[in-house]
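Participant: Starting off with a structure, shown below.
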Amino acid sequence: CCPVYLGGSSSPYGIGTNISKRTCDQLRCTACDFRVSLFNDYIWDQSCDYLFFRNNMPELSKLRAKMIKKKGARAYACQCSWRSIHELTDLQTDQQLRWVCGKH
């Protein structure tokens, strides 16, 4: 993917390009070396913190405790970072995230 896009649940998955703006579903974090999980129609609760994800990734049954149903959104998370996304977003606009395309 080049550029790498994040997006809400209505954004299609695939290889993202400037022409074909698709959200990457093969994300990997270069900071914690974890695959980024994504959940359609959910956002993260504001009380989420680093230790919550560090202790509970990638177990969905534990993560659900801080997931809020939100139509059209998509919740992303690795072991050290998390985001709730509503619309198509270029990953480069968020300098704090260390996520890259893990190759399709």
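Participant: Find all pairs meeting these conditions: Cβ atoms under 7 angstrom apart; at least six residues apart or on different chains; first residue within region 25-37 and under 13 Å from Tyr13 (Cα atoms); second residue aliphatic (A, V, I, L, M) and open to solvent by less than 60 Å² (accessible area, probe 1.4 Å).
Facilitator: Asp25/Leu38; Leu27/Val36
Participant: Then there's this: Restricting the first residue to region 81-104 and requiring it to be under 14 Å from Ala31 (Cβ atoms) and aromatic (Phe, Trp, Tyr), which pairs with a second residue that is part of a loop (DSSP other than H, G, I, E, B) and open to solvent by 40 Å² or more (accessible area, probe 1.4 Å) meet a Cβ separation below 9 Å and a spacing of at least six or different chains?
Facilitator: That search, which allows pairs on different chains as well, returns Trp99/Thr30; Trp99/Ala31.
Participant: Just need a number here: residues in region 16-65 that are in a helix (DSSP H, G or I) and either aromatic (Phe, Trp, Tyr) or closer than 17 Å to Gln96 by Cβ (or both).
Facilitator: Residues meeting the conditions: 4.
Participant: Further, regarding this structure: Out of region 15-28, which residues are surrounded by 16 or more Cβ atoms within 10 Å (Cβ to Cβ) and small (Gly, Ala, Ser)?
Facilitator: Matches in region 15-28: Gly16 only.
Participant: If I filter region 66-78 for residues that are in contact with a helix residue (DSSP H, G or I) (Cβ under 9 Å, 6 or more places away or on another chain), outside any loop (DSSP other than H, G, I, E, B) and exposed (fewer than 12 other Cβ atoms within 10 Å of the Cβ), do I get at least one hit?
Facilitator: Scanning region 66-78 turns up no residue that is in contact with a helix residue (DSSP H, G or I) (Cβ under 9 Å, 6 or more places away or on another chain), outside any loop (DSSP other than H, G, I, E, B) and exposed (fewer than 12 other Cβ atoms within 10 Å of the Cβ).
Participant: Could you tell me whether region 38-48 includes any residue that is under 13 Å from the mean Cα position of the chain (by Cα) and at pLDDT below 95? Break it down stepwise before answering.
Facilitator: From region 38-48, those under 13 Å from the mean Cα position of the chain (by Cα) are 38-44; that's our starting set.
Of the ones still in play, those that are also at pLDDT below 95 are none.
For region 38-48, residues under 13 Å from the mean Cα position of the chain (by Cα) and at pLDDT below 95: absent.
Participant: Let me ask something else. With the requirement that a residue be open to solvent by 90 Å² or more (accessible area, probe 1.4 Å) and under 18 Å from Ser9 (Cα atoms), what does region 38-65 give you?
Facilitator: Arg64
Participant: Going by the conditions given, is Asn40 farther than 26 Å from His104 by Cβ and either basic (Lys, Arg) or in contact with a Lys or Arg (Cβ under 9 Å, 6 or more places away or on another chain) (or both)?
Facilitator: no
Participant: So if I check each of Cys29, Cys48, which one is under 20 Å from Tyr5 (Cα atoms) and among the hydrophobic types (A, V, I, L, M, F, W, C)?
Facilitator: Working: Cys48 fails: under 20 Å from Tyr5 (Cα atoms).
Every option except Cys29 fails the conditions.
Participant: For region 79-100, which positions are open to solvent by 30 Å² or more (accessible area, probe 1.4 Å) and either at positive phi or among the aliphatic types (A, V, I, L, M) (or both)? Break it down into steps so the answer makes sense when it comes.
Facilitator: Within region 79-100, the subset open to solvent by 30 Å² or more (accessible area, probe 1.4 Å) is 80, 82-84, 86-90, 92-96, 98, 100.
Correct list: Leu88, Val100.
Participant: Only residues that are without any contact (Cβ under 8 Å) to a residue 60 or more places away in the chain and touching an Asp or Glu at 6+ places or on another chain (Cβ under 7 Å): list them for region 2-24, please.
Facilitator: Passing the criteria: only Tyr13.
Participant: Using beta carbons and a limit of 8 Å, which pairs, at least six apart or on different chains, have the first residue in region 47-58 and more than 14 Å from Val36 (Cα to Cα) and the second one modelled with pLDDT of 95 or more?
Facilitator: Ser47/Lys66; Cys48/Lys66; Cys48/Trp82; Tyr50/Cys80; Phe52/Lys66; Asn55/Lys62
The values are calculated or read from the model by the stated rules, or taken from the named source; none is laboratory data. Note that the structure is a prediction, hence the values are computed from the model and not measured. Note that each Cβ is placed from the backbone with ideal geometry, even for glycine, and that neighbours are counted across all protein chains shown. Just the protein is used for accessible areas: all its heavy atoms, side chains included, with ligands, DNA and RNA removed. Shrake-Rupley method; radii C 1.70, N 1.55, O 1.52, S 1.80 Å.
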